[in-house]
Amino acid sequence: MEYYDCYASDYTRARAKFLNAAAAAGGTVQSFIHPDKQTPDGHPLAIDVARLGNAKASRQALFISGTHGQEGFSGSAVQVGWMLGDGPARLPSDVGVVLVHGLNPYGFAHFTRTTENNVDLNRNFIERAAAAPANPHYESLHDALKIRHWTDAENARVDAAMAAFTDRHGRDALFDTLARGQYLHQDGLMYGGKDREWSNRTLEIVVKDALVDAEKVAFIDWHTGIGEYGRPFFLCFNEPGSALFQRACDWWGKENVDGVRPHGMERPNYTGLVFHGVQRFLGNRQMCGAVIEFGTRGVNMRRVLRLDQWLRRQSGLDADLRNGLQADMMDAFCPFDGQWRKDTLAAGLKLTDQALTGLAAW
Ligand SMILES: [Zn+2]
């Protein structure tokens, strides 16, 4: 298996690779077609769910790609690679695997991180009965952060606003403000949405159906953008100090999971994560796992997130300019560098194996 057998160049091809690999591995597939959106060239968008191993087992793994749209090229490759390899054949008889492909298919297909409503799906899983979490510093920064033209001067203006904020509050506070999530500005960064997204509601159906018999769940949500180039970075959201957190440390190494600092900063107080949503859907059943990122451009991803938001607001942009900027974004979320793709695929397969070994022994 070569890395390019697993990596696709667009969403429709990634979907085909996933469905073909699932069929070849003897998996059962259920596809949830998006009710009203398509790919840019008119193909369907879907969340595809492949089940392998023992569907009735009390131990189930839930591995998700494409929560952040365009970041899905990497997670999709790991899922495809696992199915093309000997992963399914090596599953113990009392373990099942549920692979969710393209949780945010709109973003995946349209080369953006957010959903059809410009919602950051990984901030959308808040408790809707309560008031949306506040992000007061974001309110003071929103207007200054919104880039009006993709020029060096405009980027410098936004950078200066962030630098002024850092002078007053520190870089950890800036990172927290930018990353934790906000629920008031649809045209802003990390917007968690007014309502539950279609992807959110569909994932609840998947969890309630595919994990109905699960007592113990291993969870990975694959992302890119945090960590050293080509290396995995763990964001475990089990309660620090709890037995489940310790279990995640046992699976992947305490030094990788415990006390790690994204971009060298304090971890933001993220709200509305998929991790939290799945925990809620599972009720009192136990889930252990993490968001696993693969590093690309480090803190320079801030500029790419800004570019993503700017491109979303443009219509009638010169095609040559759009293509060039979109290629830059693709290279930021999933580098074209073959070595990055080989390294992250190999790491992803190893981390998948470690989770499954841990789940089998749980
Ligand atoms: Zn992400």
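The values are calculated or read from the model by the stated rules, or taken from the named source; none is laboratory data. Quick caveat, the model's predicted, so the values are computed rather than measured. Cβ coordinates were reconstructed from backbone atoms using ideal geometry, including for glycine residues, and neighbour counts include every protein chain displayed. When the accessible area is computed, the model is the full protein with side chains, heavy atoms only, and any ligands, DNA or RNA have been set aside. Shrake-Rupley method; radii C 1.70, N 1.55, O 1.52, S 1.80 Å.
Those residues that are assigned to a helix (DSSP H, G or I) and more than 14 Å from residue 238 (Cα to Cα), I need them from region 254-281; list them, please. Don't jump to the end; show me each part of the working.
Kept after step one, since they are assigned to a helix (DSSP H, G or I), are these residues of region 254-281: 254-257, 262-264, 274-281.
Those that are assigned to a helix (DSSP H, G or I) and more than 14 Å from residue 238 (Cα to Cα): 255, 256, 262, 263, 264, 281.
Would you pick out the residues in region 318-353 that are of a type in the set (Gly, Ala, Ser) and closer than 30 Å to residue 250 by Cα? Working first, answer last.
Quick first cut of region 318-353, residues of a type in the set (Gly, Ala, Ser) only: 319, 324, 327, 332, 338, 346-348.
346, 347, 348 - these are the residues of region 318-353 that are of a type in the set (Gly, Ala, Ser) and closer than 30 Å to residue 250 by Cα.
Which helices (runs of 4 or more DSSP H) sit wholly inside region 121-234 and have at least 3 residues that are closer than 14 Å to residue 272 by Cβ?
Working: elements: 136-145, 152-169, 171-179, 198-210.
Correct list: 198-210.
When you scan region 69-85, do you find a residue that is more than 16 Å from the ligand (Cβ to nearest atom), in contact (Cβ under 8 Å) with a residue 60 or more places away in the chain and over 21 Å from the mean Cα position of the chain (by Cα), even just one?
Yes, that holds for at least one residue.
So is residue 256 in contact with a Lys or Arg (Cβ under 6 Å, 6 or more places away or on another chain), open to solvent by 30 Å² or more (accessible area, probe 1.4 Å), farther than 30 Å from residue 151 by Cα and not acidic (Asp, Glu) or not?
Details: in contact with a Lys or Arg (Cβ under 6 Å, 6 or more places away or on another chain): no; open to solvent by 30 Å² or more (accessible area, probe 1.4 Å): yes; farther than 30 Å from residue 151 by Cα: yes; not acidic (Asp, Glu): yes.
Criteria not met by residue 256.
Within region 211-227, how many residues turn out to be more than 16 Å from the ligand (Cβ to nearest atom) and either open to solvent by 10 Å² or more (accessible area, probe 1.4 Å) or among the hydroxyl-bearing types (Ser, Thr, Tyr) (or both)? Full working, then the answer.
Just the residues of region 211-227 that are more than 16 Å from the ligand (Cβ to nearest atom), to begin with: 211-218.
Going one step further and asking which of them are either open to solvent by 10 Å² or more (accessible area, probe 1.4 Å) or among the hydroxyl-bearing types (Ser, Thr, Tyr) (or both), we end up with 212-213, 215-216.
Residues in region 211-227 being more than 16 Å from the ligand (Cβ to nearest atom) and either open to solvent by 10 Å² or more (accessible area, probe 1.4 Å) or among the hydroxyl-bearing types (Ser, Thr, Tyr) (or both): 4 in total.
For region 170-181, which residues satisfy the criterion of being surrounded by 14 or more Cβ atoms within 10 Å (Cβ to Cβ) and under 19 Å from residue 139 (Cβ atoms)? Full working, then the answer.
Kept after step one, since they are surrounded by 14 or more Cβ atoms within 10 Å (Cβ to Cβ), are these residues of region 170-181: 171-181.
Listed by number, the residues that qualify are 172, 173, 174, 175, 176, 177, 178, 179, 180, 181.
Quick one: in region 187-196, which of the residues that are farther than 14 Å from residue 310 by Cα and out of contact with any strand residue (DSSP E or B) (no Cβ under 8 Å at 6 or more places or on another chain) is least open to solvent (accessible area, probe 1.4 Å)?
Taking region 187-196 and keeping what is farther than 14 Å from residue 310 by Cα, we get 191-196.
With the extra rule that they be out of contact with any strand residue (DSSP E or B) (no Cβ under 8 Å at 6 or more places or on another chain), the set shrinks to 193-196.
Values: 193: 3, 194: 155, 195: 91, 196: 74 Å².
Restricting to residues being farther than 14 Å from residue 310 by Cα and out of contact with any strand residue (DSSP E or B) (no Cβ under 8 Å at 6 or more places or on another chain), the top hit is 193.
Among the residues of region 101-110, which ones are over 21 Å from residue 295 (Cα atoms) and either within 15 Å of the ligand (Cβ to nearest atom) or part of a helix (DSSP H, G or I) (or both)? If you could, list the steps in order and put the result at the bottom.
First, pick out the residues of region 101-110 that are over 21 Å from residue 295 (Cα atoms): 105-106, 109-110.
Passing the criteria: 105, 106, 109.
Those residues that are open to solvent by less than 50 Å² (accessible area, probe 1.4 Å) and within 16 Å of the ligand (Cβ to nearest atom), I need them from region 111-136; list them, please. Walk me through it before giving the result.
Our first condition is that a residue be open to solvent by less than 50 Å² (accessible area, probe 1.4 Å); within region 111-136, this holds for 112-116, 118-126, 133, 135.
112, 113, 114, 115, 118, 119, 120, 121, 122, 123, 124, 125 - these are the residues of region 111-136 that are open to solvent by less than 50 Å² (accessible area, probe 1.4 Å) and within 16 Å of the ligand (Cβ to nearest atom).
Report, by residue number, each residue of region 17-49 that is touching a Ser or Thr at 6+ places or on another chain (Cβ under 7 Å) and of a type outside the set (Phe, Trp, Tyr). Step through it out loud before you land on a result.
Taking region 17-49 and keeping what is touching a Ser or Thr at 6+ places or on another chain (Cβ under 7 Å), we get 18, 32, 39, 43, 45-48.
Result: 39, 43, 45, 46, 47, 48.
Could you tell me which of the residues 250, 258 is more than 17 Å from residue 223 (Cα to Cα), touching a Pro at 6+ places or on another chain (Cβ under 8 Å), away from the ligand (no atom under 16 Å from the Cβ) and in contact (Cβ under 8 Å) with a residue 12 or more places away in the chain? Don't jump to the end; show me each part of the working.
Values: 250 fails: touching a Pro at 6+ places or on another chain (Cβ under 8 Å).
Sole residue among the options that is more than 17 Å from residue 223 (Cα to Cα), touching a Pro at 6+ places or on another chain (Cβ under 8 Å), away from the ligand (no atom under 16 Å from the Cβ) and in contact (Cβ under 8 Å) with a residue 12 or more places away in the chain: 258.
Can you tell me which residues in region 331-341 are surrounded by fewer than 16 Cβ atoms within 10 Å (Cβ to Cβ) and in a helix (DSSP H, G or I)?
So the first thing to find is which residues in region 331-341 are surrounded by fewer than 16 Cβ atoms within 10 Å (Cβ to Cβ), and the list is 331, 336-339.
Answer for region 331-341, where residues must be surrounded by fewer than 16 Cβ atoms within 10 Å (Cβ to Cβ) and in a helix (DSSP H, G or I): 331, 338, 339.
Given the criterion away from the ligand (no atom under 15 Å from the Cβ), among the polar types (S, T, N, Q) and surrounded by 15 or more Cβ atoms within 10 Å (Cβ to Cβ), identify the matching residue among 286, 309.
Working: 309 fails: away from the ligand (no atom under 15 Å from the Cβ).
So the residue among 286, 309 that is away from the ligand (no atom under 15 Å from the Cβ), among the polar types (S, T, N, Q) and surrounded by 15 or more Cβ atoms within 10 Å (Cβ to Cβ) is 286.
Of 359, 345, 351, which residue is more than 15 Å from the ligand (Cβ to nearest atom), at pLDDT 95 or above, part of a helix (DSSP H, G or I) and over 17 Å from the mean Cα position of the chain (by Cα)? Spell out how you get there, then give the answer.
Numbers: 345 fails: over 17 Å from the mean Cα position of the chain (by Cα); 351 fails: over 17 Å from the mean Cα position of the chain (by Cα).
359 is the lone residue from the list that is more than 15 Å from the ligand (Cβ to nearest atom), at pLDDT 95 or above, part of a helix (DSSP H, G or I) and over 17 Å from the mean Cα position of the chain (by Cα).
Could you give every pair whose Cβ atoms fall below 7 Å, whose first residue belongs to region 213-228 and is within 25 Å of residue 340 (Cβ to Cβ), and whose second residue is more than 9 Å from the ligand (Cβ to nearest atom) and aromatic (Phe, Trp, Tyr), counting only separations of at least 6 or pairs across chains?
Close Cβ pairs (under 7 Å, with a partner that is more than 9 Å from the ligand (Cβ to nearest atom) and aromatic (Phe, Trp, Tyr)) amount to 219/275; 220/63; 221/275; 224/294; 226/233; 227/233; 227/294.
Looking at (1) out of contact with any helix residue (DSSP H, G or I) (no Cβ under 8 Å at 6 or more places or on another chain); (2) surrounded by fewer than 19 Cβ atoms within 10 Å (Cβ to Cβ); (3) touching a residue at least 12 places away in the same chain (Cβ under 8 Å); (4) within 30 Å of residue 33 (Cα to Cα), which one does residue 184 not meet, given that it meets all the others?
For residue 184, the exception is condition (1).
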